[in-house]
Amino acid sequence: MKPSARPHVLIVTPAYVVGRGVFESLSALSKYHVVDPIGSLADVTPERLKRMRPSVILLDPSELSPSDRTQPHAILPADLNIPVVALVTTLTDPNTLAAFDGAINIYSTQKQMETTIDNALQQGSLSAAVSEKTTELSAREQTILCHVARGLSNKEIADALNLSVFTVTTHRKNITRKLGIRSISGLTIYAILNHLVEPNEL
Amino acid sequence: MATLSYSVRTKLVDILLENSDLITVLERMGISLGFGEATVGQICRQYGLDVEFFLMLCQIYHNPKFAPDSNRLTHAALPQILRYLKASHNYYIQTLFPQLEAMFSQTVMQLSTEHQQILKHFYQEYQEEAIRHFDYEESHVFPYVEHLIACGGRCSNSFHIQQFSENHTDIDSKLHDLKCIFIKYIPSAPSSWNLLHTIFHLEDDLLRHTVVEDSVLTPLVLRLESENKEEK
């Protein structure tokens, strides 16, 4: 089991059926955490974005005011840099589309959607909050951190991952050194805030 | 042992201007502001404080790495050491914790309900642990020291100050983690700055508090205990 931060996908389109359809197709891939589609950009306030911290936004270009068409990132608060992919439902100017981090439309296959989203995520990975933070730890360290958050002892983690207790201890020291967080409850909070574990798993 | 850079003749105002954190200590020791050009010696006489201990306290707040020499103190300072420690517990519990709690709630309000709950739980855990620790000192350690003072060290007691090597490390870690989490992972809210400032202040004060417990109170009581043993 490799726990990775599942990217959070936010869909914004007034086209209800399209929103649901994209939601279902992406959820079926189970590699994303897809948030319930939002019908209007007006409901996507900066506060809400900061709270949700999506990894990528699928935005219907028709939701942008004509002056914002060529700068979709203007919808984001200045301190958030999230890739925005166009979710095209009507005929759209190619100049508009060029400003997005990729585009999908109502004819896109599941595979095409996945590729477009992953490309956008990769481009945005330098700035997208979640992916940026989790790169602090190696994949192995993330796995161990998840086990720590779930309350497993070093011995139990060693058994689960077929490692020696010594190796687990070394990883744990490195985790604490990298994050500057020492207590188990502090590490658990880090894991939750960075979507490495879901609170209901604990 | 480090020597004190402050003396009985140092003006209290000069010490305070150099060490803003001492202001809250004055409040805890019941010293009123408006003391003009009074020296440490004059203030201590006025308030009936042990000069050596008061100077030591100033020095510890000035530099937390300062290693106090408990040999400069006599048993007569013990009641005042206890007074400082108890007043500090009160200051944490009555003043700082409620402030922290309020600012904490304001700062996490921007987060999802789930994240709010988890962070609040973490903070509660910290606060309860800290209060439990203070309670233990107030119900076991301090009464023992008071008892020892009352009988001039000549009393049989199953408790010894060495048992009070209770470590503060776990509580310290949580406070440190809280700081890191708010700086690194929580976007700022208007209350964030005050929250962090208060956490830093609490952490600094606890550090001094621990120095007084470990390097002033404990060796002094140990001395009283061993003098008693020799007499027997």
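The values are calculated or read from the model by the stated rules, or taken from the named source; none is laboratory data. This one's a predicted model, so the numbers in the text were calculated from it and none came from an experiment. As a convention, Cβ positions derive from the backbone with ideal geometry for all residues, glycine included, and neighbour counts pool all protein chains shown.
Side notes on the structure shown:
- Unique residue being touching a Ser or Thr at 6+ places or on another chain (Cβ under 9 Å) and away from every other protein chain (no Cβ under 14 Å) when the list is B:Y91, B:Y126, B:Y84: B:Y91
- For B:V13, the test of being more than 13 Å from the chain's Cα centre (by Cα), without any contact (Cβ under 8 Å) to a residue 60 or more places away in the chain and over 30 Å from B:Y144 (Cβ atoms) is passed.
- Residues (over 22 Å from A:A5 (Cα atoms) and either within 11 Å of chain B (Cβ to nearest Cβ) or of a type outside the set (G, A, S) (or both)) located in region A:147-202: A:N154, A:K155, A:E156, A:D159, A:N162, A:L163, A:V165, A:F166, A:T167, A:T169, A:T170
- If the condition is being among the acidic types (D, E) and either surrounded by 15 or more Cβ atoms within 10 Å (Cβ to Cβ) or touching a Lys or Arg at 6+ places or on another chain (Cβ under 8 Å) (or both), then region A:20-72 contributes A:D60, A:E63, A:D68.
- Scanning region A:85-101 for residues that are modelled with pLDDT under 90 and under 17 Å from A:H8 (Cβ atoms) yields a single hit, A:D101.
- The set of residues in region B:182-230 that are in a helix (DSSP H, G or I) and without any contact (Cβ under 8 Å) to a residue 40 or more places away in the chain comprises B:I183, B:K184, B:W193, B:L196, B:H197, B:F200, B:E203, B:D214, B:S226, B:K229, B:E230.
- Residues satisfying the criterion are present in region A:124-141 (criterion: away from chain B (no Cβ under 14 Å), at pLDDT 90 or above and within 25 Å of B:K179 (Cβ to Cβ)).
- Enumeration of residues in region B:50-76 that are closer than 14 Å to B:R223 by Cβ, in a helix (DSSP H, G or I) and touching a Ser or Thr at 6+ places or on another chain (Cβ under 9 Å): B:S70
- Test: residue in region B:84-106 that is among the polar types (S, T, N, Q), assigned to a helix (DSSP H, G or I) and modelled with pLDDT under 90: no
- Residue selected from region B:19-49 under the condition of a type outside the set (A, V, I, L, M, F, W, C) and loosely packed, with under 12 Cβ neighbours inside 10 Å, by the criterion nearest to B:D205 (Cα to Cα): B:S20
- Restricting B:F97, B:F66, B:F53 to residues that are surrounded by 17 or more Cβ atoms within 10 Å (Cβ to Cβ), within 27 Å of B:C151 (Cα to Cα) and not hydroxyl-bearing (S, T, Y) narrows the list to B:F53.
- Residue count for region A:164-178 under the criterion of being hydrophobic (A, V, I, L, M, F, W, C) and over 13 Å from A:H147 (Cα atoms): the result is 2.
- Considering residues of region B:98-123 that are farther than 16 Å from A:I189 by Cβ and of a type in the set (A, V, I, L, M) only, the residue farthest from the other protein chains (Cβ to nearest Cβ): B:A102
- Residue in region A:32-55 that is nearest to the other protein chains (Cβ to nearest Cβ), counting only those that are in contact with a helix residue (DSSP H, G or I) (Cβ under 6 Å, 6 or more places away or on another chain) and in a loop (DSSP other than H, G, I, E, B): A:R53
- Residue match in region A:6-27 (condition: within 14 Å of chain B (Cβ to nearest Cβ), outside any helix (DSSP H, G or I) and without any contact (Cβ under 8 Å) to a residue 24 or more places away in the chain): no
- Within region B:75-121, the residues that satisfy the criterion of being of a type in the set (S, T, Y), in contact (Cβ under 8 Å) with a residue 12 or more places away in the chain and closer than 30 Å to B:D50 by Cβ are B:Y84, B:S88, B:Y91, B:Y92.
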